[in-house]
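K.L.:
Attaching a single structure in structure tokens format; questions to follow.
Derivation of every value follows stated rules applied to the coordinates shown; laboratory data play no part. As the structure is a prediction and not an experimental result, all values here were calculated from the model. Note that each Cβ is placed from the backbone with ideal geometry, even for glycine, and that neighbours are counted across all protein chains shown.
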Amino acid sequence: MNEQPKIRILFDEDSQRKTTVSELAASGCDVATVYSLGLTDADDDVVLAAAIESERILVTRNADDFLALHRTGIQHPGILAFYPPFPAYWKQARTILNAIKVYEGNCSNEFIGLSPFVDYPPNSDDVL
């Protein structure tokens, strides 16, 4: 039986709410936070470098700054960005998984705004 590789995620400081991190870990994701990596208060380029080095998709609310880093052409495992208005905390893990599902787990070098995935798929419970 071929086992799917775990989805590896790094939460930026502004996005590492315990309930969201716990829900994703419970769903089988390999989750790290900037806090768990000792990167509290680190600059954005340092956080992105940690995501790249550890091959983790980065989740952030700091969309504009990470979009600017993405636009430099740096190769990365993917950046998932929440834009305001932010979804309710109880929807965040599902939103992240919905986006990853649509991209079939391959978010490499993609900057993905998460707003379209908050209630995806529309009128359905078909989510990860």
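K.L.:
Mind checking which residues of region 78-105 are over 21 Å from Glu13 (Cβ atoms), more than 12 Å from the chain's Cα centre (by Cα) and not in a helix (DSSP H, G or I)?
P.N.:
Tyr103, Glu104
K.L.:
Please tell me if Gln92 is in contact (Cβ under 8 Å) with a residue 60 or more places away in the chain and either hydrophobic (A, V, I, L, M, F, W, C) or touching a helix residue (DSSP H, G or I) at 6+ places or on another chain (Cβ under 8 Å) (or both).
P.N.:
Answer is yes for this residue.
K.L.:
Quick one: would you say Ser22 is more than 17 Å from Lys101 (Cβ to Cβ) and among the hydroxyl-bearing types (Ser, Thr, Tyr)?
P.N.:
Against the criterion (more than 17 Å from Lys101 (Cβ to Cβ) and among the hydroxyl-bearing types (Ser, Thr, Tyr)), Ser22 qualifies.
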